[in-house]
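Single-structure report; data block below.
The values are calculated or read from the model by the stated rules, or taken from the named source; none is laboratory data. Quick caveat: nothing in here was measured; it's all calculated off a predicted structure. Glycine gets a Cβ as well: all are built from the backbone with ideal geometry, and neighbour counts include every protein chain shown. Surface areas here come from the heavy atoms of the whole protein model, side chains and all, with no ligands, DNA or RNA. Shrake-Rupley method; radii C 1.70, N 1.55, O 1.52, S 1.80 Å.
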Amino acid sequence: MYFSRKCFADWHRSRFGAQVARIERQLARSPENVEVRSRLLLAYSKELARCNRTTLKGTAPLAPCSDFLELVHLHGMEFLKASLEASTAKRIQSVMDTLLDLKDFQLYPLIARFAVTLARHEESLSEFDWKGELQERATMFHYETALQLLKSVKCLEEAQEVFDEAVSLERGGQRMIAWTKLWQTPSVYVRGLRPVSAWWEATDLPLAEVLEENMSAIRSELQGLLEKGGQMIVDPAYPRLTSMGDWDVIRLYYNKHWDPTAVALAPKTTELLRDKLPGASNGLPYIHYNTEEVCFFRMTPGTRVMMHSGGCNARLNLSLGLLGCSDSFIEVAGEERRWRNGEMLAFDDSCDHSARHDGEEDRWVLTVGVMHPDLVERPEIFRDVGQWRSEYESFGPEVWEKKHA
């Protein structure tokens, strides 16, 4: 048994050792059983995560974490092999999701291999044949996942190899993935936009001026909202992306809808922005439910938000510092800038970004996601994608004909 050989002699005294022994006996009887192999992999992975947490607390772990890591990789590759032979892509995805929930950076290179395996799978590749460019296609989604994981742990050579493989992919004699930068790899990539710029000047975006001019009113309304119990409608923003602390959100506008509860608590901010989101006000289709969005985001002291990116290059973010922005930072495409109370930061949501808050009080910003100005000015881009369907909704000729009427 792997565990008894590798880790410690009296493994049977441990609950974990007994669990692994039981699974290994099942595997010995049925070595091709993908389900059993996945249980063994997850058992070692969870113990690795527990081992790392124990070590951070200064407590001696059950066995050296490096032993568990070696076993995780061994069983991970055996699981992948068995899964491919059994053509069980869904099971690979399920195991990936469980491993990601452990938030253990040591597992990221292995999970990235899982993602690349899924990207190459014919079940994923076939989506290029029937889905349009504005829809999420599995191969791009899985390549994006692999790249985010590898970049997060600074495996940049491996990330570059995956990137090169992705952009060279052909199907039916055509290149399928049009990414141009390693730091901008969304799962939906709209062709025809200007060359990517990670950071934008706020003066280039009309809505930024509106927000800055009304900053005092927005901040006062947020303070009043919090005093009136606004904390009760705070939700975790994206829990899988938070390695430390809490990153929370109050969504005013999302899914092409103003939330009535939040709006009642922030009527002035709502009224200020209701008719000013460029995509919605021009009747343009959204790529995802959050192509445009209005949110208050909170980070508690010590929070770390891991590197991530938006799912499409059709969105820019305007982030207005409101409260507690001292010692709060965001890094976009490798360049770090500081949030400041009353000041605006503007960046491309599809570029890699991460954040940290080293201040001593909660940090609050208003983030307004807006449709890329090139799509607003040239809606015929929606026509040229071929299929008039995005990941979020269907649309028709009225989208571009209205602009030129």
**Prompt:** What per residue convex hull volume, in Å³, do the alpha-carbon atoms of segment 135-262 yield?
**Reply:** 172
**Arg191 versus Ser30: modelled label distance in nm, points set 7 Å from Cα along the beta carbon direction** = 4.7
**Request:** May I ask for the distance between the Cα centers of segment 255-282 and segment 284-305, given as a whole number of Å?
**Result:** 14
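Given just the C-alpha atoms of segment 197-303, how large is their convex hull per residue in cubic angstrom?
On the way: hull volume 14.8 nm³, N = 107.
Residue-normalised Cα hull volume stands at 138 Å³.
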**Item:** Selection from Trp247, Ser83, Ala178, by position along the positive dipole direction of the chain (Cβ)
**Value:** Ser83
**Complete:** Computed over the chain: longest principal axis from alpha-carbon atoms vs helix 108-120 long axis, angle to nearest 10 degrees, is 80
**Request:** At 7 Å along the Cα-to-beta-carbon direction for both Asp204 and Ser243, put a label point, then send me their distance in nm to one decimal.
**Result:** 3.0
**Message:** Given contacts defined as C-alpha pairs under 8 Å and at least six residues apart, what's the relative contact order of segment 175-277, whole-number percent?
**Reply:** 21
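What number, rounded to the nearest 500 deg cm²/dmol, is the helix-based mean residue ellipticity at 222 nm of the chain, given -39500 (n - 2.57) per DSSP H run of at least four residues and division by all its residues? Can you show the working numbers first?
On the way: 18 runs with 177 residues, N = 405.
That calculation yields -13000 deg cm²/dmol at 222 nm.
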**Request:** Could you tell me the largest-minus-smallest coordinate of the C-alpha atoms of segment 347-397 on each of the three principal axes, in descending order and whole angstroms?
**Result:** 52, 21, 19
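What do you get for Rg/Rh of segment 236-355 when both radii come from the Cα atoms and Rh is the Kirkwood radius? Intermediate results must be reported in sequence, preceding the final value.
Working: Rg = 14.5 Å, Rh = 15.3 Å.
Radius of gyration over Kirkwood radius for segment 236-355 works out to 0.95.
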**Request:** Roll a 1.4 angstrom probe over the protein heavy atoms and tell me the percent of accessible area of segment 319-405 that is carbon or sulfur.
**Result:** 41
**Prompt:** Any idea how far the Cα center of segment 308-333 sits from the one of segment 167-227, in Å?
**Reply:** 9
**Message:** Please report Rg (one decimal) and Dmax (integer) in Å for the Cα set of segment 314-405.
**Reply:** 17.6, 54
**Prompt:** Top mean-square fluctuation among Arg340, Arg194, Arg356, Gaussian network model of the chain, C-alpha springs under 10 Å?
**Reply:** Arg194
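Between Arg53 and Leu84, what length in nm is gained on full extension when 0.36 nm per residue of separation is reduced by their alpha carbon distance?
Working: separation 31, 0.36 × 31 = 11.16 nm, distance 3.23 nm.
Computed gain between Arg53 and Leu84 is 7.9 nm.
Relative contact order for the chain using alpha-carbon pairs under 8 Å, separation at least 6, rounded to a whole percent?
On the way: 687 pairs, mean separation 55.6, N = 405.
It comes to 14 percent, rounded to a whole number.
Per 0.36 nm of contour for each residue apart, how much would the distance between Ser220 and Glu127 grow if the chain were fully extended, relative to their Cα-Cα spacing? Write out the running numbers ahead of the final one.
Numbers: separation 93, 0.36 × 93 = 33.48 nm, distance 4.83 nm.
Length difference between fully extended and current span is 28.7 nm.
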**Message:** Using a Gaussian network model on the chain with a 10 Å cutoff between Cα atoms, which of Thr98, Thr269, Thr139 fluctuates the most?
**Reply:** Thr98
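Using the Cα centre as the reference, give the magnitude of the dipole from point charges on the C-beta atoms of the chain (Lys, Arg: +1; Asp, Glu: -1; all else neutral), rounded to the nearest 20 debye. Show your work: numbers first, answer last.
Working: 49 positive and 60 negative charges, 314 e Å.
Dipole about the Cα centre, nearest 20: 1500 debye.
Just the number, please: carbon plus sulfur as a percent of the accessible area of segment 121-207, 1.4 Å probe, no ligands or DNA/RNA counted.
Numbers: 2040 of 4120 Å².
Heavy-atom surface of segment 121-207 belonging to carbon and sulfur, 1.4 Å probe: 49 percent.
Accessible area per residue for the chain in Å², computed with a 1.4 Å probe and the full protein assembly in place, what is it?
Details: 18410 Å² over 405 residues.
Here the per-residue accessible area is 45 Å².
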**Request:** Compute the semi-axes of the equivalent ellipsoid of segment 74-192, taking the square root of 5 times each eigenvalue of the Cα gyration tensor, and list them largest first in whole Å.
**Result:** 23, 18, 12
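On alpha-carbon atoms, Rg over Rh for segment 111-152 using Kirkwood Rh? Kindly include the intermediate steps, with their values, before the conclusion.
Details: Rg = 10.4 Å, Rh = 10.3 Å.
On the Cα set of segment 111-152, Rg over Rh gives 1.01.
Using only the C-alpha atoms of segment 309-365, find the volume of their convex hull and express it per residue in Å³.
On the way: hull volume 3.8 nm³, N = 57.
Value for segment 309-365: 66 Å³ per residue.
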**Item:** Long-range tail of P(r) for segment 129-196 (Cα pairs > 19 Å, %)
**Value:** 31
**Prompt:** Using the alpha carbon gyration tensor of the chain, what are the three equivalent-ellipsoid semi-axes (square root of 5 times each eigenvalue), largest first, in whole Å?
**Reply:** 41, 29, 17
